[in-house]
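The structure under discussion appears below in the form of structure tokens.
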Amino acid sequence: MRFLAGGPAVAGALALTLVLRPLPSPLVAVPALLTVAAMPLAWWPKARPLLPAITATTGAAGAMCTLVWLADPGIPGGPSTWVHTIAVLTLITLTVRWSAVRQAAPAVGVAAISEALLGLQITQPPPSGLDAVALTLFWSIGTAGAVGLGAYLRILDRRRVDAVTQARRTQRLQLARDLHDFVAHDVSAIVIQAQAAQILLDRDPAEAAAALRAIEEDGARALASMDRTVRMLRELEGDSASAEPLPGLDDLPDLVRRFADAGFPDTEMRVGPSGPVPREVGTTIYRIVVEALTNVRKHAPAGSSVAIQVSDETGAVVLTVADHAEDKAHDQARDQALLRLPSAERAGVGLAGLAERVQALGGEFTSGRAAGGGWVVKAVFP
């Protein structure tokens, strides 16, 4: 709305009219010049806190000068009155747009009275009685339009701020999900492998060394996930560095292999969609599998069997992750008790977040206890 900021142009037009026409009374010309001079100041960001005071001051000065002029009217304002009116309406618009309501309301009220009285300057002699009332009401239509325009611009500004705030919130949630889905999975694997290494250190040093190597690999993957998240943060700040693509269906075999090596050898996976899967669906499937396997580590005994299946059913891609805990011998009781993640103080939000993601893609998500024991997670993507 920069067309409202034409302070210099308006001042030039006013000066030209004063030269080409008979000079009006100072009670007409001086308030007009004062109001026009205030317009550029109103656009200065540092002066915006003073905008209600500027609008109220120029409005009060204009109203008082008009009332004094009406006591002994001379030459009518002519073009200077029109320019004065435009300047007052501009200040009203900017005050409504940028100032707090409790400050803008009295300032706009004073300026509205000044603008209404300006209509009396355009006739010679000024009207009186009902004619004066009718003319001031007609001249006030501009004030109503200025208030409406300012309110509309205020709403647009608020929507823009809300949109930016929501976008930042969405980005933060996305980064939080990435950290939860990928980094937490690798860290949980590190905890399991470290517990296994403690058990195997005296029994089988070679197996303990293998567990330590697995810890190193999982730690490197966790660092890579965090590095990818940092690059995403840099992209959000305008950095041109591109982030690595998120894992999808092609990365499931390696994920399942690492999970089986971490204490769940009885893990099976079948992936058989007949056609290509959209990238968003593939990434979401990977996230669901990661979260499901992390929950198996947290809640199921070591060695539980896990079945992962991705298939086509009546034109939809269906993912199922099911675990089943089998009875273990007594001599494995200590190992089973140790090879578990420490219980969290509060419930996680991983499955809830994944359910929202699946629903956003038009799919259905369910999770719950299976009839024969264990837990089943299922997602259907149209």
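The values are calculated or read from the model by the stated rules, or taken from the named source; none is laboratory data. What you see is a predicted model; the values in this text were computed from it and never measured. All Cβ positions, glycine included, derive from the backbone under ideal geometry; neighbour counts span all protein chains shown. Note: areas computed on protein heavy atoms with side chains; ligands, DNA, RNA excluded. Shrake-Rupley method; radii C 1.70, N 1.55, O 1.52, S 1.80 Å.
So ALA347 ticks every box in (1) modelled with pLDDT of 70 or more; (2) surrounded by fewer than 17 Cβ atoms within 10 Å (Cβ to Cβ) but one. Which box is left unticked?
For ALA347, the failing item is (1).
How many of the residues in region 272-296 are buried (at least 18 other Cβ atoms within 10 Å of the Cβ) and closer than 18 Å to ALA352 by Cα?
15
Given the criteria exposed (fewer than 15 other Cβ atoms within 10 Å of the Cβ) and part of a helix (DSSP H, G or I), does ARG159 qualify?
Yes: the conditions hold for ARG159.
So GLN309 fits all but one of (1) out of contact with any Lys or Arg (no Cβ under 6 Å at 6 or more places or on another chain); (2) under 20 Å from ARG357 (Cα atoms); what number is the exception?
Of (1) out of contact with any Lys or Arg (no Cβ under 6 Å at 6 or more places or on another chain); (2) under 20 Å from ARG357 (Cα atoms), only one is false for GLN309: (1).
Within region 51-62, can one find any residue that is surrounded by 17 or more Cβ atoms within 10 Å (Cβ to Cβ) and modelled with pLDDT under 90?
No, there is no match, as no residue in region 51-62 is surrounded by 17 or more Cβ atoms within 10 Å (Cβ to Cβ) and modelled with pLDDT under 90.
Step by step: first the residues of region 256-271, then only those that are of a type in the set (Gly, Ala, Ser) and buried (at least 19 other Cβ atoms within 10 Å of the Cβ), then the one that is nearest to ILE215 (Cα to Cα). Which residue is that?
ALA262
Being modelled with pLDDT under 90, open to solvent by 10 Å² or more (accessible area, probe 1.4 Å), in contact with a helix residue (DSSP H, G or I) (Cβ under 9 Å, 6 or more places away or on another chain) and not aromatic (Phe, Trp, Tyr) narrows it down to one residue among ARG97, ARG48; which is it?
ARG48
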